[in-house]
Amino acid sequence: MDFISGEVLYINKPLNWTSFTLVRKLRNKLCRKLGVSKLKVGHAGTLDPLATGVMIICTGKKTKLIETFQYQTKEYIATVKLGATTPSFDLETDIDATYPTEHITKDLVEQKLKEFIGEIQQVPPTYSACKVDGKRAYEFAREGQEIELKPKLLVIDEIELLDYSFPEIKVRVVCSKGTYIRALARDIGTALDSGAHLTALERTRIGEVTLDQCINGEQIEEFVNALIIE
């Protein structure tokens, strides 16, 4: 493999790793293997630390393909807990409010999920990398400052209820670039006249790249050590 001219790798990001951690670890291992001090490495689509799943990593001249990969459709499996919210819309922060859930049924969930299919306007999470006046939104959030984020147009191609284990539901989502599944969890809670937050997330596909094609991120060192380098 020729990582300087460019390669594309599919990696399953481990839980609690940032996307940058994955890129940094891979770059360090490859540089050591290649005997070089620098190597261009980038990823096509960030995953939150509490999410796992498909990440496409490009090296060398193949980093020019990153934008193409970013615009491809993505698929996720999300576990959402109903009846409570958190400031980050996931488990990064503690529960800040609880809501009634007695009225929620499986039929109601399935009915409300259908309303998200197609073009929707979504307000990004405050705990996100969206920029406001040149500063990341999560920086304001961690400083306790309130900011207003503008809604973004995106597309939900498919949304399917996979499991109803009240108060948790598991849904499969096929969506466009820029979709925050944490924000979708928030919006599902609102649609149900309750609250909700994300408790687990796995990205199962980017374009035609699926999890079964991915290298385990925790085995990067073994993978690199076994490579035949050109």
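For segment 1-63, the strands (runs of 3 or more DSSP E) that sit wholly inside it and include 3 or more residues that are β-branched (Val, Ile, Thr) and buried (at least 16 other Cβ atoms within 10 Å of the Cβ) are 51-59.
The set of residues in segment 80-116 that are surrounded by 16 or more Cβ atoms within 10 Å (Cβ to Cβ) and part of a helix (DSSP H, G or I) comprises VAL109, LYS112, LEU113. Residues considered: ILE95, ILE56. Of these, the only one that is touching a residue at least 60 places away in the same chain (Cβ under 8 Å) and assigned by TED's automatic domain parsing to the domain that holds PRO167 is ILE95.
Suppose we filter ASP193, ASP187, ASP212 for residues that are at pLDDT 95 or above, in the same structural domain as GLU102 (by TED's automatic domain parsing) and loosely packed, with under 15 Cβ neighbours inside 10 Å; which single one remains?
ASP193
Taken across segment 55-78, residues that are polar (S, T, N, Q) and within 30 Å of ASP96 (Cβ to Cβ) do not occur at all. When restricted to residues that are among the hydroxyl-bearing types (Ser, Thr, Tyr) and part of a loop (DSSP other than H, G, I, E, B), segment 179-199 contains 3.
In this entry, ALA129 passes the filter for residues that are modelled with pLDDT under 95, within 19 Å of the chain's Cα centre (by Cα) and of a type outside the set (Phe, Trp, Tyr).
The values are calculated or read from the model by the stated rules, or taken from the named source; none is laboratory data. Everything quoted here is computed from the prediction, not taken from an experiment. All Cβ positions, glycine included, derive from the backbone under ideal geometry; neighbour counts span all protein chains shown.
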